[in-house]
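Worksheet: the structure to be examined is printed underneath.
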């Protein structure tokens, strides 16, 4: 009898059993040590984050016993000792100054990144990259001091001019002549602090735009700007968005520089040139010293809200940055 | 800005008299202090395909990149000699690098369509980059894709992403993209080295069809391909420590049957390289 030609022939005799083995990869001692220590370090990082979350949750429990979570999220006042406190205005002002900072930083960060990666002379490129990264490491207290003593008195003139000339724009309206400590000033200092971070992320992504595509655009008779628009910017879109989100994360959590510049208010106002601003982190820094146990618990609750928002922003940012090729909707 | 009427073939302002003649006189090239190409003289004639052959590292790709000023994009790259497009020096004349590259198109070794653009946008990218006003965009797309032999395969999905095509189709899309701005010369740097035999045949057919309207210069490692597609041929060689140079050039028939130089005969018969 001949061997069956088709495997699925029902009349065929079953094939002889084959020896199946499972290949076990044995790690060397060095591999095992490295594997374990890498896993331990990774787990520790995650564990720390969970611990911080747990700590904040635990510390804010006391306050949530006297005020409900939903009231805390909407209440604009901050009188925790009378069980009347919430992040209603705090969160609004935190987001307002952070977005102001991000909006002002965006054009400068993009231009800086494009200059360093595309236009700067090759021999300057390395030192400019280093400088950009160094700028990101300037302590925030320095920005705070500089913002308070140098920027604020000078930027006041710009605020006055804007409010006079563009008073028909609702956000520029100032009626009582109070221009110091405005969200505009705080946002400007934040913008200066986050430009290097955003520019650094963007530059990194721009420099990875494929050389074959760059040459393709130039070989079609494109100018350098044409090449940037058709190749570098579409390729770097993820980096642009991700870099700005990372910068937003930093702006939301920035404490020292903001603490030096705010004059605390608990109202929701979009008049960005008018005195008075606030952020969650600045309030914690300012109030912590004299706070009663219940007020401390309220500050912890505010910290918890900030922690969750910053975490979300950073997760979204890293997701966008790590996604290599983005979308097909880009136009040149 | 040049307005191109795409309804009549070969009717743009810069291309009135058909394909152009590209000539190289005493061309040298350096990367830093490294002399890679010495005293190259070559006449690339209209209506014919010129193949540049030779072993790796002999400077033929460098020579090709000199022809449309892509060489200067490499830092530290320098050159000497004259390259003339219809008797106008492309380095010393009034022509800008972007104008030279618009009139002398290029297809690369690795297909490089713009991945974020659709097929139609890819074809129109050159016009957009060069600020050229097109009389009829749809007609330009159809004509360029037809000449590149890709129209029938993609006509129903022009809005699809260019990066989603197969390798061979991507390369023909790149040819269509280069042809859409109606260059006078088309340079091809080993256009089939990343392609399968069927795609290679399609690209070779395309070369045969377009050479009536555009002067084609092709670098290839494939002797059979050089023999099939070209009418003129130049053999480049670089000996150890010496810059590359042309050993011999002339009609392809002669180069492959009875060349003047023994080294040419050895190379085209696969005895080295």
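Relative to the compact-globule scaling 2.2 N^0.38 Å, provide the ratio for the alpha-carbon radius of gyration of the range B:165-206. Don't skip to the answer; put the middle values down first.
Working: Rg = 10.2 Å, N = 42, 2.2 N^0.38 = 9.1 Å.
Expressed relative to 2.2 N^0.38 Å, the Cα Rg reads 1.12.
Going 7 Å from the Cα of residue A:158 along its beta-carbon direction, which residues of the range A:221-247 have the amide nitrogen within less than 12 Å of the resulting point?
none
Multiply the residue separation of residue B:92 and residue B:205 by 0.36 nm, subtract the distance between their alpha-carbon atoms, and state the gained length in nm to one decimal. Kindly include the intermediate steps, with their values, before the conclusion.
Values: separation 113, 0.36 × 113 = 40.68 nm, distance 3.57 nm.
37.1 nm is the gain from fully extending residue B:92 to residue B:205.
Quick check: the distance between the Cα centres of the range B:239-273 and the range B:101-153, to the nearest angstrom?
Centre-to-centre distance over Cα atoms comes out at 35 Å.
Three principal axis extents, largest first, for the C-alpha atoms of the range A:224-278, in Å?
Cα spread of the range A:224-278 along its principal axes, largest to smallest: 48, 22, 17 Å.
Within 10 Å, count the other beta carbons around each residue, average over each peptide in A:122-135, B:75-88, A:74-87, B:52-65, and list them highest first.
Numbers: A:122-135: 13.0, B:75-88: 15.6, A:74-87: 17.8, B:52-65: 22.4.
Taking the mean over residues of other Cβ atoms within 10 Å, the ranking is B:52-65, A:74-87, B:75-88, A:122-135.
Taking the Kirkwood radius as the inverse of the mean 1/r across Cα pairs, report the Rg/Rh of the range A:1-146.
1.31
To the nearest 10 degrees, how steeply does helix A:29-66 sit against the main Cα axis of chain A, on a 0 to 90 scale?
It is inclined by approximately 40 degrees.
Set the Förster radius R0 to 30 Å, insert the Cβ-Cβ distance between residue A:225 and residue B:137 as r into 1/(1 + (r/R0)^6), and round the FRET efficiency to 0.05.
Calculated value: 0.85.
Take peptide B:125-136, look around each residue's Cβ out to 10 angstrom, count Cβ atoms belonging to other protein chains, and average those counts.
Shielding by partners across B:125-136 averages 4.
At what distance in angstrom do the alpha carbon centres of the range A:108-150 and the range A:234-264 lie from each other?
Using only Cα atoms to place each centre, the spacing works out to 15 Å.
From the P(r) of the range A:200-332, can you give the percent of Cα pairs sitting at distances over 24 Å?
50
Select from B:178, B:139, B:29 the residue whose mean-square fluctuation is largest in a Gaussian network model of chain B (Cα-Cα springs shorter than 10 Å).
Its mean-square fluctuation being the largest, the pick is B:139.
So what's the angle, to the nearest 10 degrees on a 0 to 90 scale, between helix B:167-180 and the longest Cα principal axis of chain B?
Between the helix axis and the principal axis of chain B, the angle is about 80 degrees.
Give the span of the range A:53-322's Cα atoms along each principal axis, as three whole-Å numbers ordered largest to smallest.
Dimensions of the range A:53-322 along the principal axes of its Cα atoms: 71, 47, 32 Å.
Tell me, A:264, B:36 in order of fewest to most beta-carbon neighbours within 10 Å? Intermediate values should be presented prior to the final figure.
On the way: A:264 17, B:36 20.
Fewest-to-most Cβ neighbours within 10 Å comes out as A:264, B:36.
Can you tell me which of A:226-237, A:279-290 comes out highest on packing, and rank the rest after it, using the mean Cβ neighbours within 10 Å?
Order by mean packing, descending: A:226-237, A:279-290.
Between A:59, A:198, A:251, where does the largest GNM mean-square fluctuation fall for chain A, given springs only between Cα atoms within less than 10 Å?
A:59
From other protein chains only, count the Cβ atoms within 10 Å of every residue's Cβ in A:222-230, then give the mean.
The shielding value for this peptide is 4.
Using only the Cα atoms of the protein assembly as shown, what do you get for the radius of gyration and for Dmax, in Å?
Here Rg and the maximum Cα pair distance are 33.2, 106 Å.
Among the DSSP beta bridges whose two residues both lie in the range B:106-253, what percent are antiparallel, rounded to the nearest 5? Could you put the intermediate results ahead of the total?
Numbers: 7 of 14 bridges.
Around 50 percent antiparallel, to the nearest 5.
In Å and whole numbers, how far do the C-alpha atoms of chain B stretch along each principal axis, longest first?
The principal-axis extents, from largest down, are 51, 42, 33 Å.
Run the quick spin-label model on residue A:19 and residue A:95: label points 7 Å from Cα toward the beta carbon, then report their separation in nm to one decimal.
About 6.7 nm, to one decimal.
What does the average come to when, for each residue of peptide B:151-164, you count the partner chain Cβ atoms lying within 10 Å of its Cβ?
1
Treat each spin label as a single point 7 Å out from the Cα along the C-beta direction, and report the residue A:269 to residue A:127 distance in nm.
In this crude label model, residue A:269 to residue A:127 measures out at 4.7 nm.
Between residue A:108 and residue B:231, with labels modelled 7 Å along Cα→Cβ, what's the label distance in nm to one decimal, could you check?
Taking the simple label geometry, residue A:108 and residue B:231 are separated by 6.2 nm.
Mind telling me which of B:183, B:259, B:191 comes out most flexible in a GNM of chain B, alpha-carbon contacts under 10 Å?
Evaluated over chain B, the most mobile residue of the options is B:259.
Which ordering of A:13, B:50 is given by a fewest-first count of other beta-carbon atoms within 10 Å?
A:13, B:50
For each of B:196, A:176, count neighbouring Cβ atoms within 10 Å of the residue's Cβ, then give the residues from fewest to most.
Working: B:196 11, A:176 7.
Least to most surrounded, the residues fall as A:176, B:196.
Going 7 Å from the Cα of residue A:52 toward and past its Cβ, which residues in the range A:292-315 have a backbone nitrogen under 14 Å from where you end up?
Backbone N within reach: A:303-315.
None of the figures in this text is laboratory data; all of them are computed from the coordinates on show. Since the structure is predicted, the reported quantities are computational estimates derived from the model, not experimental observations. Positions of Cβ are backbone-derived with ideal geometry, glycine not excepted, and every protein chain shown enters the neighbour counts.
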